[in-house]
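A.B. asks: One structure, pasted below without further comment.
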Amino acid sequence: MTQRTLAEGGYRLSLLELKGVCKNFGGLKAVNQVSLDLEEREILGIIGPNGAGKTTLFNTITGFYKPNEGEIRFEGASLIDLKPHQICHKGMVRTFQIVKPFLQLTVLENVVIAALNRTKSVQEATAKAFKTIEFVGLKDKVDILATGLTLPHRKRLELARALATEPKLILLDEVMAGLTPTEVDELIRLLKEINEKGITILLIEHVMRGVMALSKRVIVLNYGEKIAEGVPEEIVKNRQVIEAYLGEEFGKAES
């Protein structure tokens with residue numbers, strides 16, 4: 001695993017490293033020379049306007065797209081040319097902005113399938129699935145078909161499926177979208193618990209309350225390029241970020 005030098009002279013382990021990552025679609029540069037460094041147990045937020053390249057970046061990191069340029073390393077090893085299931089087995093998993101459960105399977109069956117990533121024993125996978133379902137707050141939904149779940153419960157099921165793979169790093173794509181303020185607060189508490197269990201989180205999010213509450217650092221993308229990086233309190237006061245994404249009203253509210 002590679003090391004990242006800190007200003008005070010110490011070292012922290014880098015779990016995920018991107019260097020000069022580009023993803024093109026014809027003449028369109030959806031992701032252009034993006035670099036980032038994610039430490040173990042950190043929560044790193046990625047924000048930016050729609051079309052900024054955030055989900056494309058996730059797809060490139062997790063093997064759904066192959067980058068045109070650049071390097072992606074997880075625990076020091078290159079992920080280039082690996083398939084999504086291979087990357088998942090290494091300990092990196094993602095959720096999707098549009099949740100994708102197996103609609104005609106129960107909550108339990110959905111999570112058991114994910115748990116089989118680490119074991120060939122259905123009995124062991126089932127036991128792990130029950131624990132994970134209880135942890136995310138779906139214990140009373142265990143035998144319900146996924147198609148019968150509300151959006152907030154489907155998002156928790158998506159989290160449960162990801163957690164059942166025993167990830168070291170989980171990438172969350174707008175997991176708070178469509179939730180009420182109360183549901184957002186509940187999810188923030190759950191994500192903090194997940195992080196406290198030692199799981200690193202890379203988070204795409206438009207709900208700034210969630211970004212501010214969770215992120216140690218924030219990266220801002222615009223037109224596929226990284227335009228800012230820093231702690232949340234700095235980012236929300238950054239003039240370029242306000243103009244490109246947050247808007248003047250947000251800047252006034254924060255000042």
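Readers should treat all values here as calculations from the given coordinates under stated rules, not as data from a laboratory. Quick caveat, the model's predicted, so the values are computed rather than measured. Using ideal geometry, Cβ is built from the backbone for each residue, glycine included, and neighbour counts are taken over all protein chains shown.
A.B. asks: Can you give me the long-range amide H partners of GLU225? Hydrogens built in the peptide plane at 1.01 Å from N, cutoff under 5 Å, separation of 5 or more residues or another chain.
C.D. replies: ASN32
A.B. asks: Whole Å is fine, so just give me how far the alpha carbon centre of segment 166-204 lies from that of segment 52-125.
C.D. replies: Centre-to-centre distance over Cα atoms comes out at 16 Å.
A.B. asks: Calculated FRET efficiency, GLU233 and CYS22, Cβ-Cβ r, R0 30 Å, to nearest 0.05?
C.D. replies: In this case the efficiency is close to 0.50.
A.B. asks: Could I ask something else about it? Read phi for every residue in segment 31-38 and hand back ³J(HN,Hα) as whole Hz from Karplus 6.51 cos²θ - 1.76 cosθ + 1.60, θ = phi - 60°, with x for Gly and Pro.
C.D. replies: For segment 31-38, the Karplus curve yields 10, 10, 6, 8, 10, 7, 9, 10 Hz.
A.B. asks: Sticking with this structure for a sec: Between rounded, prolate and oblate, where does segment 56-114 land on the alpha carbon gyration tensor, with a ≥ b ≥ c its root eigenvalues, rounded for a/c under 1.5, else prolate if a/b exceeds b/c? Walk me through the numbers before you get to the answer.
C.D. replies: On the way: a/c = 3.33, a/b = 1.99, b/c = 1.67.
Here segment 56-114 falls in the prolate category.
A.B. asks: Under the 0.36 nm per residue contour assumption, what length would be gained going from the current alpha-carbon distance of GLU134 and HIS206 to full extension?
C.D. replies: 23.2 nm
A.B. asks: In the chain, what % of DSSP beta bridges are antiparallel (nearest 5)?
C.D. replies: 60
A.B. asks: Related question: Please say if segment 136-185 is rounded, prolate or oblate, where rounded means a/c under 1.5 for a ≥ b ≥ c the square roots of the C-alpha gyration tensor eigenvalues, and otherwise the choice is prolate for a/b larger than b/c and oblate otherwise?
C.D. replies: Taking the square roots of the gyration eigenvalues as a ≥ b ≥ c, segment 136-185 is oblate.
A.B. asks: Using square roots of five times the C-alpha gyration tensor eigenvalues, list the equivalent-ellipsoid semi-axes of segment 100-165 in whole Å, biggest first.
C.D. replies: Working: eigenvalues 62, 24, 20 Å².
Output for segment 100-165: semi-axes of 18, 11, 10 Å.
A.B. asks: Also, I was wondering about something else. Given Cα pairs under 8 Å that are at least 6 residues apart, what percent is the relative contact order of the chain?
C.D. replies: Values: 491 pairs, mean separation 60.1, N = 255.
RCO, the chain: 24 percent.
A.B. asks: Oh, and also: Anyone know which of LEU203, LEU157, LEU191 comes out most mobile in the 10 Å Cα GNM of the chain?
C.D. replies: Looking only at LEU203, LEU157, LEU191, the largest GNM fluctuation is found for LEU191.
A.B. asks: Once the Cα atoms of helix 181-196 and of the chain are each reduced to a long axis, what angle between those two axes, in degrees from 0 to 90 to the nearest 10, is obtained?
C.D. replies: Helix 181-196 sits roughly 90 degrees off the main axis of the chain.
A.B. asks: What nm distance separates the two modelled labels at THR119 and GLN97, each placed 7 Å from Cα along Cα→Cβ?
C.D. replies: If labels sit at THR119 and GLN97, their model points lie 3.6 nm apart.
A.B. asks: Once you have the Cα-Cα distance between GLU40 and GLU243, take 0.36 nm times their residue separation minus that, and quote the gain in nm to one decimal. Spell out each step's value before the answer.
C.D. replies: Details: separation 203, 0.36 × 203 = 73.08 nm, distance 3.18 nm.
69.9 nm is the gain from fully extending GLU40 to GLU243.
A.B. asks: Per DSSP H run of at least 4 residues, take -39500 (n - 2.57); add these up for the chain, divide by its residues and hand me the 222 nm value, nearest 500 deg cm²/dmol. Don't skip to the answer; put the middle values down first.
C.D. replies: Working: 9 runs with 85 residues, N = 255.
Calculated mean residue ellipticity at 222 nm is -9500 deg cm²/dmol.
A.B. asks: Next up: With axes computed from alpha carbons, what is the tilt in degrees of helix 122-135 against the longest principal axis of the chain, rounded to the nearest 10 within 0 to 90?
C.D. replies: Helix 122-135 and the main axis of the chain meet at about 60 degrees.
A.B. asks: Once you've got the Cα coordinates, tell me which of LYS54/LYS139; LYS54/LYS155; LYS54/LYS128 are over 29 Å apart.
C.D. replies: Going by Cα-Cα distance, LYS54/LYS139; LYS54/LYS128 fall outside the 29 Å limit.
A.B. asks: In addition: Please state the relative contact order of segment 100-165 as a whole percent: Cα pairs under 8 Å, 6+ residues apart?
C.D. replies: Numbers: 86 pairs, mean separation 31.4, N = 66.
After rounding, I find 48 percent.
A.B. asks: Aspartates and glutamates within cross-link reach of LYS23: Cα-Cα under 16 Å, excluding same-chain residues under 8 positions apart?
C.D. replies: GLU69, GLU71, ASP81, GLU225
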